[in-house]
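Read the figures in this text as sums done on the coordinates, not as results from a lab. Keep in mind that this is a model prediction, so the values were computed, not measured. Note: ideal-geometry Cβ built from the backbone for every residue, glycine included; neighbour counts use all protein chains shown.
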Amino acid sequence: MIRITVSWIFLCCFAFHATAAEPSWTQWLGDGRDGVSDESGWSVDWPESGLSVAWQREIGIGFSSVSIANGRLFTMGHNDGEETVYCLNQKSGDTIWSHSYPSALVDNLYEGGPGATPTIDGDHVYTLGKEGQLLCLGADDGTVLWRRELQKDLDVELPEWGFNSSPTIVNNQVIVQGGRIASYNKTNGELIWKTPKHTAGYGCAEVFQQDGKTMLATLDSDGLRILDASNGKQIDAFPWPSPFRTNSTTPIVQDDTIYISTGYGVGCGKFRLTNGKLELIYDNREMRNHFNNSILYQGNLYGFDGNSNLGRVVQLVCMDHETGEVLWQQRGLGCGSLMIADGKLVLLSEDGQLVIAEATGKEYKELARAEILDGRCWTVPVLLDGHIYARNAQGRLVAVTLP
């Protein structure tokens, strides 16, 4: 009897450990919203023939990245006047369920389609459509639990580039932005608070703690704002206007500092928040993120400097976060995107090259490269469970297997 009991306890503990350790990437830029993965054990010794494609499929036009939990992958795309939220089998790419609704493409000067990434919170999935369709769906079967319309709720017009703010979960709230910053009750969809109007931004709210308060850092096309998450009251703000109303990145918070970077010649700035006041530490034009975020890792910032549409050569830049000094620059990847895993940069070039390089401030050192997509690729890739998940603007989604 004792042996049976011990064995049963061991099996239960093993099962719990296996479940708890299952890898996930539950929102844009990962569980920590920092673009850094704990994934390890994969090789950069790639065959000359290229990487093996586990599966691929068409999901429609857009720039929505993927979120993954419990063997299910969530993303979005646009087809023939409809947006679709997909729940796919992570291993096979087969559709588990999908939910579609009418939506404009909003293809002003680019392909258009949904740009926000689904956010997984337990058994719920939160999505934001191009015209401001905010949905809470059941993760298991796609049941619509509630839906709100941001244009109506916030009394704002459709932003020039549509709504692209991936939902941020803060306790019982879901936070989005687009002409205002707004908080909804994540359970029933009730509007909790909204800020005064401003020029729309396209990034996400970043959550942090200071002075015993839960705060939000947001960047719209007027400037950086610090808000009290409980009521939306503005604590402080710093002007950071975009000449083309397109600030599209999410602030990076570390301790009491906040880093932002935007395109169109504006550049980057690092601030210190002390006693509710923002103080500029440095600013420069050496890191001008167009729409993909820089990633902070071990004291260095890695990001793409330059715009996709102004004829200037875009460069991958490594910058010292403390000082703003440029440590190295690398051309040839276009207006790409990146995440970090196992001390390595996981890069997707604008033309679909998957590139692995060392995440170090010493120099750019490339370790592996393979072509995995064609067409325009502006969406952040995701490395999880030994696979890279990546898409192009036209809607080709691929899962490639790493050695």
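If r is the Cβ-Cβ distance from ASP236 to ASP320 and R0 is 35 Å, what FRET efficiency results, to the nearest 0.05?
0.85
At most 16 other Cβ atoms within 10 Å and a DSSP loop assignment: could you name the GluC sites (Glu not before Pro) in region 318-390 that fit?
Passing sites in region 318-390 are GLU322, GLU325, GLU363.
Using the basic label-point model (7 angstrom from Cα toward the beta carbon), what is the GLN210 to ASP121 distance in nanometres?
Reported label-point gap for GLN210 and ASP121 is 2.3 nm.
Taking LYS194 as the anchor, which aspartates and glutamates have their alpha carbon closer than 19 Å to its alpha carbon, excluding any fewer than eight residues away along the same chain?
GLU131, GLU149, ASP153, ASP155, GLU157, GLU206, ASP220, ASP222, ASP228, ASP236
In square nanometres, what is the average projected area of the Cα convex hull of region 252-356? Each step should come with its number before you reach the end.
Details: hull surface 26.5 nm².
Directional mean of the projected Cα hull area for region 252-356 stands at 6.6 nm².
Where the eigenvalues come from the Cα gyration tensor of region 149-240, what are the semi-axes √(5λ) of the equivalent ellipsoid, largest first, in whole Å? Provide the component values of the computation, followed by the final result.
Working: eigenvalues 71, 56, 22 Å².
Over the Cα atoms of region 149-240, the ellipsoid semi-axes are 19, 17, 10 Å.
If you consider only alpha-carbon coordinates, what radius of gyration and Dmax does region 23-401 have, in Å?
Using the Cα atoms of region 23-401, the pair Rg, Dmax is 19.2, 57 Å.
Students often get this wrong: which residues of region 328-364 have the backbone nitrogen under 13 Å from the point 7 angstrom along Cα-to-C-beta of VAL313?
329-334
Which one of LEU345, ASN292, VAL125 has its Cα pushed farthest toward the positive end of the charge dipole of the chain, where Lys and Arg give +1 and Asp and Glu give -1 at the Cβ?
VAL125
Pairs to check: LYS233/LYS277; LYS213/LYS277; LYS130/LYS233; LYS91/LYS186; LYS152/LYS186. Give those whose C-alpha atoms are more than 22 Å from each other in this structure.
Those over the limit are LYS130/LYS233; LYS91/LYS186.
Check each of the trypsin sites (Lys or Arg not before Pro) in region 33-119 and keep only those in coil by DSSP with at most 15 other C-beta atoms within 10 angstrom; list them in order.
Details: sites: ARG33, ARG57, ARG72, LYS91; in loops: ARG33, LYS91.
Loop-located and lightly packed - LYS91.
Mind checking the full-extension length gain between LEU109 and LYS91? Use 0.36 nm per residue of separation minus the Cα-Cα distance, one decimal, nm.
3.0 nm
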